[in-house]
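What follows draws every value from the coordinates through simple rules; no lab data is involved. Not measured: the values here are computed from a predicted model. Counting neighbours? That spans all protein chains shown, and the Cβs are built from the backbone with ideal geometry, glycine included.
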Amino acid sequence: MSDFTSSFWPIFITVISLAGVLGCALLLWVTSKIKASSPSGDNTNGHVWDETLREMNNPLPRWWVWMFIITIVFSLFYFAAYPSLATYEGKLGWSQVGQYEQEMATANKTIAPLYAKFTAMPVEELANNAEAHAIGERLFMNNCAQCHGSDAHGSKGFPNLTDHDWIYGGSPETIQETITNGRIGMMPPMASAVGSDDDVKNVSNYVLSLSGSNHDAARAVLGKEKFASCAACHGADGKGNQAIGALNLTDDIWLHGAGEAAIIKRINEGKTNQMPAQNAKFSPEQIHVLAAYVWGLSNNAATSNVAQETAQ
């Protein structure tokens with residue numbers, strides 16, 4: 001319990017734990033002081049149900065009493081040995097975090113030779129290795145699929161990793177950097193820079209025209225001039241800028257929703273999207289293997305024989 005960030009919960013749990021043990025001791029002490037008496041002299045308490053059903057007035061069974069005593073003694077030893085009372089760390093020095101770290105260290109030591117072999121291989125070659133592919137897939141399923149989907153096709157706000165539409169670039173080095181340090185993408189609200197609500201609508205139609213999507217041609221013509229406010233990031237041709245994570249507006253891939261209404265919302269409200277850094281969760285060797293798996297998802301021609309090798 002020394003890991004709590006607030007002092008309330010350790011104290012609260014300590015009070016409940018000690019109250020339970022003291023309650024057991026108090027119950028034993030009180031019941032040991034009560035002398036059994038039988039008003040009718042036949043070892044019953046005098047209560048009668050259904051004419052013949054009577055409640056006996058016997059003392060507690062000895063096994064029941066000893067179970068209470070054993071519970072109390074065990075609890076006291078447990079409190080002394082383990083971190084169970086407030087910030088007390090226990091005589092044995094054990095903790096869940098310590099056990100986890102020890103198990104992880106043992107596991108890392110066991111798999112280190114395997115990852116050392118993979119680290120010496122370039123990502124392009126590693127993506128074509130059936131064993132590395134299987135490990136990368138498990139890493140992805142356990143840690144990345146929650147956002148990007150088990151098929152890596154993503155969803156609204158979470159990029160599809162199986163195509164070639166890379167926000168920050170799809171080279172092996174860039175993918176490793178993205179996994180290691182994460183990404184924070186931020187588009188500020190642009191309505192004030194674009195102009196009136198009508199101007200925003202015109203720009204949204206111009207953006208739709210860049211990808212050949214359904215749009216109002218007249219509004220698109222009017223919006224082209226106002227698009228200059230967006231060109232600083234997305235480029236004059238709307239093809240984006242991977243150096244800063246500015247999306248390509250000329251394809252038909254809409255990360256945050258397609259259509260006029262969705263684009264108007266983005267212009268008016270902006271958008272902040274974040275992929276958290278994974279360097280605290282994965283070792284550099286694991287990131288190397290995971291990057292190879294992700295790279296292979298959008299380079300099927302280079303990794304086509306992996307599925308065949310795995311099936312065999």
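Normalised by the number of residues in the stretch 8-81, the average gap of Cα pairs under 8 Å and 6 or more apart makes the relative contact order 26 percent. The distance from the alpha carbon centre of the stretch 60-86 to that of the stretch 255-296 is 52 Å, rounded to a whole number. In a fully extended conformation the segment linking ALA107 and ILE70 would gain 9.6 nm over its present Cα-Cα distance, using 0.36 nm per residue. Hydrophobic long helices, here whole DSSP H runs in the chain with Kyte-Doolittle means of at least -1.0 and Cα atoms spread over 27 Å or more along the helix axis, are found at 8-33, 62-81, 96-119.
This ranking places ARG62, ARG138 by how few other beta-carbon atoms lie within 10 Å of each, fewest first, which gives ARG62, ARG138.
In a shell of Cβ-Cβ distance under 14 Å around CYS144, excluding CYS144 itself, what net charge do Lys and Arg (+1) and Asp and Glu (-1) give? So the surrounding residues net to +1. For the peptides 139-149, 105-115, the ranking by mean Cβ contacts within 10 Å, running from highest to lowest, is 139-149, 105-115. Each Lys and Arg contributes +1 and each Asp and Glu -1, all at the Cβ; summed about the Cα centre of the chain, the dipole is approximately 1000 debye.
Note on ALA25 and SER283: the extension gain reaches 87.8 nm, defined as 0.36 nm multiplied by sequence separation minus the Cα-Cα distance.
Here the peptides 197-206, 276-285 are ranked by packing, the mean other Cβ count within 10 Å, and the order with the highest first is 197-206, 276-285. Among ILE263, VAL207, ALA105, whose Cα lies farthest out toward the positive end of the dipole of the chain, if unit charges sit on the beta carbon of Lys, Arg (+1) and Asp, Glu (-1)? It is ALA105. Fully extending the segment from ALA243 to VAL15, taken as 0.36 nm per residue of separation minus the present Cα-Cα distance, adds 76.5 nm.
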